[in-house]
Amino acid sequence: MVDQIADSTAGEGHELAAEAAVERARELAARPGRRVLGITGAPAAGKSTLAELVAQAVPGAVVGMDGFHLAHSVLEARGDVADKGAPWTFDAEGYVALLRRLVAEPPVAVWAPEFRRSVEDAVAGAVLVPPDCPLVVTEGNYLLLQEDPWTAVHVLCDEVWFVDVPERLRVERLVDRHVQFGRTRDAALTRGTEGVDAANARLVAATRGRADVVVVLE
């Protein structure tokens, strides 16, 4: 990892509450140069919420892995719409390339894509990371996945945190999200407990032990 914070709290699997995690992020951002903090966890664990909390407190910018979803039209043509959200439905090489730009010296302005659930597609050049931004928070499911090219993500981040939340709460949030964007509650529950989201959650859960910090959310 890039110049990891060397203090008594560092270490694989160390658990922190959200407030302590924010303080840790402030310490990271205070170090010279632009720093990149990764936040991972299962679908609906609270990654985006924690990322925004950290970015507002530091302050910093949030760059989501979801901006590298393959276009919905591409997934339709490939017959992969039902698997949308699985690792192979992302431009992982593009995501790694963006992270390389973010950690390059000297820091430059970087425009990143953003995934918008209202249209179920990514929008290019939607998030500006200015040259003087001290901390970039990047969040997504597969930051600790041990498959190329995903393996480069942990190396390019100063730290990667895993968000842990009670499973029942996570599934409730996930179902509510799918209902909000048009699925029936039965379809949302099936996707979240038996379908692709459940499979993705199991895959992500297996990466927990590789995290530098586990952030426990209630």
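The values are calculated or read from the model by the stated rules, or taken from the named source; none is laboratory data. These numbers come from a predicted model, not from an experiment. Note that we place each Cβ from the backbone using ideal geometry, even for glycine, and neighbour counts take in every protein chain shown. The accessibility values were calculated without ligands, DNA or RNA, using every heavy atom of the protein model including side chains. Shrake-Rupley method; radii C 1.70, N 1.55, O 1.52, S 1.80 Å.
Might you let me know whether segment 161-174 holds any residue that is within 25 Å of Gly33 (Cα to Cα) and not hydrophobic (A, V, I, L, M, F, W, C)?
No: segment 161-174 contains no residue that is within 25 Å of Gly33 (Cα to Cα) and not hydrophobic (A, V, I, L, M, F, W, C).
Matching residues to (1) acidic (Asp, Glu); (2) assigned to a helix (DSSP H, G or I); (3) at pLDDT 95 or above:
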position	(1), (2), (3)
Ile5	no, no, no
Thr9	no, no, no
Glu12	yes, no, no
Ala21	no, yes, yes
Leu28	no, yes, yes
Leu53	no, yes, yes
Val62	no, no, yes
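Each row is one residue, and each column tells you yes or no for (1) open to solvent by less than 20 Å² (accessible area, probe 1.4 Å); (2) modelled with pLDDT under 95; (3) among the polar types (S, T, N, Q).
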site	(1), (2), (3)
Leu135	yes, no, no
Thr138	yes, no, yes
Pro149	no, no, no
Arg177	no, yes, no
Arg191	no, yes, no
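Considering only residues of segment 64-102 that are assigned to a helix (DSSP H, G or I) and aromatic (Phe, Trp, Tyr), which is surrounded by the most Cβ atoms within 10 Å (Cβ to Cβ)?
Tyr95
On the given criteria, is Leu128 surrounded by 16 or more Cβ atoms within 10 Å (Cβ to Cβ) and either of a type outside the set (Gly, Ala, Ser) or modelled with pLDDT of 95 or more (or both)?
Against the criterion (surrounded by 16 or more Cβ atoms within 10 Å (Cβ to Cβ) and either of a type outside the set (Gly, Ala, Ser) or modelled with pLDDT of 95 or more (or both)), Leu128 does not qualify.
On the basis of being open to solvent by less than 50 Å² (accessible area, probe 1.4 Å), among the hydrophobic types (A, V, I, L, M, F, W, C) and either at pLDDT below 95 or under 28 Å from Asp164 (Cβ atoms) (or both), does Val119 make the cut?
The answer is no for Val119.
Go through segment 57-104 and count every residue that is without any contact (Cβ under 8 Å) to a residue 60 or more places away in the chain and among the small types (Gly, Ala, Ser).
Of the residues in that region, 9 qualify.
Residues of segment 30-54 being farther than 18 Å from Arg173 by Cβ and buried (at least 21 other Cβ atoms within 10 Å of the Cβ), which ones?
Arg34, Arg35, Val36, Leu37, Gly38, Val54
Of Glu105, Glu114, which residue is within 16 Å of the chain's Cα centre (by Cα), at negative phi, outside any helix (DSSP H, G or I) and among the acidic types (Asp, Glu)?
Glu114
At pLDDT 75 or above, loosely packed, with under 15 Cβ neighbours inside 10 Å and among the basic types (Lys, Arg): which single residue out of Arg210, Arg202 fits that description? Write out each step before concluding.
Values: Arg210 fails: loosely packed, with under 15 Cβ neighbours inside 10 Å.
When all the criteria are applied, what remains is Arg202.
Going through segment 71-97 one residue at a time, which ones are closer than 23 Å to Thr207 by Cα and touching a helix residue (DSSP H, G or I) at 6+ places or on another chain (Cβ under 8 Å)? Write out each step before concluding.
So the first thing to find is which residues in segment 71-97 are closer than 23 Å to Thr207 by Cα, and the list is 83-97.
Listed by number, the residues that qualify are Asp83, Lys84, Gly85, Ala86, Pro87, Thr89, Phe90, Asp91, Ala92, Gly94, Tyr95, Val96.
Going by the structure shown, is Leu169 part of a loop (DSSP other than H, G, I, E, B) and closer than 22 Å to Val54 by Cβ?
Considered against the rule, which asks whether it is part of a loop (DSSP other than H, G, I, E, B) and closer than 22 Å to Val54 by Cβ, Leu169 comes out as no.
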